[in-house]
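The structure under discussion appears below in the form of structure tokens.
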Amino acid sequence: MTATMPRVLPSPDGKPVPPTGTADAFRAFARDLAAGRRPWTAATAQFIAAQFDQLATDWDTTRATGRDDPLRDALTRGGPLPAGPCLELGSGTGLFTPLLGTVFPQVISVDLSLRMLQQAHGRSPVRVQADASTLPLPDSSVAAIAAIDMLLFPTETARVLAHDGVLLWINQLGSDGPLHLPATAVAAALPGTWHATESEAGWGTWAVLRRTR
């Protein structure tokens, strides 16, 4: 079940829409991976890590949108949010870690790319290089997972998230983003039954998902 909230943060001009062909290919990959129609392999993980290692140094100035509207709106209107550690998947250079830290007592930043995590020094106090498909965390060990422009690994996400925890699913560029996955598709892919609250904000979209059983 999905509840849609009205937009309160407008979409400014100048949205950096990626090339259509490239974005379509990545979105198809993200959909198939989440639905279990495509495997995640060690070779794929190595390839993506290498790509982001190359982009890390200039990421903040050439690739980042510079806008936190969807995440800010999710944290403001998507509650109540649980108290406890937040796992930030695909944390990159830590641009959004300080904002998460205003809500959660601890933020654990996880990324495949070592160079990205190195660039996050000073923003992300706890940084772990790991594959989100096999997280080095116990079952039910985090109160929240923040996935900002991230691929969805449904089984592992559900495993490490506390039963009363929340998944913050953020697409900075909304349906134009290369990894966009709508809240309905995220809820359908996750094991069990989930309820999503979603909205648009700025250039993007957000959803807060909770397990109902």
Number of positions in region 128-159 that are open to solvent by 30 Å² or more (accessible area, probe 1.4 Å) and either in contact with a helix residue (DSSP H, G or I) (Cβ under 8 Å, 6 or more places away or on another chain) or touching a residue at least 12 places away in the same chain (Cβ under 8 Å) (or both):
14
Picked from region 62-78 (must be loosely packed, with under 15 Cβ neighbours inside 10 Å and modelled with pLDDT under 95), the residue nearest to residue 204 (Cα to Cα) is 66
List every residue pair whose Cβ atoms lie under 7 Å apart, where the two residues are 6 or more positions apart in sequence or sit on different chains, the first residue falls within region 5-21 and is in contact (Cβ under 8 Å) with a residue 40 or more places away in the chain and over 12 Å from residue 204 (Cβ atoms), and the second residue, located anywhere, is in a loop (DSSP other than H, G, I, E, B) and open to solvent by 60 Å² or more (accessible area, probe 1.4 Å).
none
Here the residues within region 49-61 that are at pLDDT 95 or above and either under 21 Å from residue 177 (Cβ atoms) or surrounded by 20 or more Cβ atoms within 10 Å (Cβ to Cβ) (or both) are 49
Single match in 81, 99, 117 (criterion: under 22 Å from residue 190 (Cβ atoms) and either open to solvent by 40 Å² or more (accessible area, probe 1.4 Å) or in contact with an Asp or Glu (Cβ under 8 Å, 6 or more places away or on another chain) (or both))
81
Of 188, 162, 201, 196, which residue is out of contact with any Gly (no Cβ under 6 Å at 6 or more places or on another chain), of a type in the set (A, V, I, L, M), over 19 Å from residue 90 (Cα atoms) and open to solvent by 30 Å² or more (accessible area, probe 1.4 Å)?
188
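The values are calculated or read from the model by the stated rules, or taken from the named source; none is laboratory data. Predicted, not measured: the structure shown is a model, and the values here were computed from it. Methodologically, a virtual Cβ is constructed for each residue, glycine included, from the backbone with ideal geometry; neighbour enumeration extends over all protein chains shown. Heavy atoms of the whole protein, side chains included, go into the accessibility calculation; ligands, DNA and RNA do not. Shrake-Rupley method; radii C 1.70, N 1.55, O 1.52, S 1.80 Å.
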